[in-house]
1. Only one of these is over 19 Å from residue A:357 (Cα atoms) and assigned to a strand (DSSP E or B): A:258, A:302. Name it.
2. Which one is farthest from residue B:61 (Cα to Cα) among residues in region B:100-118 that are surrounded by 17 or more Cβ atoms within 10 Å (Cβ to Cβ) and free of Cβ contacts under 8 Å to residues at least 40 places away in the same chain?
3. Checking residue B:124 against (1) touching a residue at least 12 places away in the same chain (Cβ under 8 Å); (2) touching a strand residue (DSSP E or B) at 6+ places or on another chain (Cβ under 7 Å): exactly one of these is not met. Which one?
4. So for region A:50-66 (the condition being within 17 Å of the chain's Cα centre (by Cα) and either at pLDDT 90 or above or more than 18 Å from residue A:16 (Cα to Cα) (or both)), does at least one residue qualify?
5. Checking residue A:418 against (1) modelled with pLDDT of 85 or more; (2) part of a loop (DSSP other than H, G, I, E, B); (3) away from every other protein chain (no Cβ under 14 Å), which single condition isn't satisfied?
6. Of all the residues that make up region A:362-381, how many are modelled with pLDDT under 75, loosely packed, with under 12 Cβ neighbours inside 10 Å and outside any loop (DSSP other than H, G, I, E, B)?
7. Suppose we filter region B:34-65 for residues that are away from chain A (no Cβ under 12 Å) and closer than 11 Å to residue B:134 by Cβ; how many remain?
8. Residues in region A:248-263: is at least one more than 26 Å from the chain's Cα centre (by Cα) and either at pLDDT 90 or above or within 22 Å of residue A:179 (Cβ to Cβ) (or both)?
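The values are calculated or read from the model by the stated rules, or taken from the named source; none is laboratory data. If you're wondering where the values come from, they're calculated on a predicted model, not measured in any experiment. Because the Cβ atoms are built from the backbone with ideal geometry, glycine has one as well, and the counts that use them run over all protein chains shown.
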């Protein structure tokens with residue numbers, strides 16, 4: 001049986017989340033800013049038409065934004081996270097097999113079991129249901145492989161009905177001929193330059209179609225087996241199966257730019273403490289323990305007139321752990337070690353490496369008595385449960401409490417409409 | 001933790017209640033095998049991914065729905081005659097009663113001080129979701 005994959009992608013996801021509970025945004029240009037209100041990271045169609053580029057620094061486009069009445073938002077990740085979970089949950093009703101969740105706003109669904117003739121109406125049903133239930137517009141691409149469904153999805157984005165199925169070989173080739181090779185999923189500009197710049201090239205490889213038709217040994221020589229898989233995928237031969245359980249991450253990091261630069265050790269320690277709380281919570285959520293903890297900090301490289309500094313330090317923990325107070329104490333020690341007076345620090349982060357599964361088994365190499373470890377585990381489980389039920393930060397650690405100088409700038413933050421009782425949308 | 005299918009309205013254990021079996025003295029509780037508790041969230045919300053809470057600001061549905069109440073809105077349900085619905089009306093969400101009269105659909109406020117809207121192809125009004133429960137708070141804060 002021929003495989004068919006549907007790639008479902010939410011259009012301008014962050015902007016759509018903002019519009020979902022603000023009917024007054026309909027028809028207006030909307031843009032969402034990165035953490036710390038630094039750059040434009042999401043635009044709706046109206047904002048794209050104004051020529052505001054993705055990634056533009058806010059200060060560069062602010063005059064245009066004000067002149068055109070673009071509705072500006074700070075990243076509201078509580079809202080986006082909740083709507084993403086609703087989106088994925090809604091999609092999962094459409095398939096007995098698990099989805100592959102590729103990112104916060106896109107997922108693959110295997111629809112091989114549905115006859116070709118019915119697949120478009122199936123996709124239309126998905127589109128309308130997501131739009132109705134979660135308030136998000138989506139585009140859907142259907143194809144025999146991941147890479148082809150991605151091509152179909154990009155084509156769907158250009159079309160009014162937002163759905164495109166790419167089955168016919170001639171049609172596939174016609175679209176690939178119009179597509180630059182660096183637009184193929186997985187091929188970036190650097191790899192594309194490698195394809196275009198080789199001496200023993202089989203002819204100029206500029207379009208996705210050139211790449212699809214290039215000889216296997218040559219592709220393999222240029223891009224390795226990974227590149228060859230992409231070419232096969234373009235030919236309709238599936239090499240990238242749906243990975244239904246996303247691989248657990250081998251490292252975790254929490255890093256932010258500060259709202260205003262930090263000069264004192266006390267402020268730096270506060271920030272590092274807070275980041276440790278965040279990263280430790282994520283560590284426990286994926287049921288892992290960390291063996292190594294690291295801290296880094298740096299000044300603002302764009303302010304050339306200021307003295308520059310960037311440092312990091314890591315330690316091997318005496319025993320693998322996910323206990324927040326233990327990690328906090330280590331992170332605070334490292335913060336004191338890397339801090340240098342006389343610099344205006346712009347960014348810092350905490351990272352955890354060499355993660356191991358938390359198997360709930362006592363290992364002999366633990367220094368702590370087993371009752372103590374059990375008590376730590378119970379405390380952390382309680383903190384995580386309370387915070388999940390009552391909102392992040394309900395229970396925290398005394399040293400993470402101080403109201404911070406380093407808090408990111410979020411001047412345009414909307415309400416957390418779906419996760420906070422005191423921020424619900426109003427109905428008249 | 002008791003797992004439970006979302007369709008059922010039966011009792012649900014939220015967190016483990018007091019563990020009587022570890023008491024070292026006295027008689028074991030005769031209720032030990034019957035411990036259960038309510039989960040209001042699960043009882044009131046049938047489609048979690050399509051259900052939203054909104055806070056009532058206006059008086060279009062008084063006296064049935066008062067300002068300050070919370071409405072539970074299920075967006076997966078099609079509106080039926082006499083349902084209370086949330087509509088998008090201009091820049092706002094608004095509460096109305098959904099009424100079929102012959103072939104026409106009317107959006108009627110319970111409060112006579114407000115006007116009814118007829119839902120036609122050129123009305124810029126959309127039914128956003130169906131109110132399944134109203135949570136009122138009669139005690140003065």
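1. Step by step, each of A:258, A:302 is checked, and only A:258 is over 19 Å from residue A:357 (Cα atoms) and assigned to a strand (DSSP E or B).
2. For region B:100-118, the residue satisfying everything is B:105.
3. (2)
4. no
5. Here residue A:418 meets the rest and fails (3).
6. 2
7. 2
8. no
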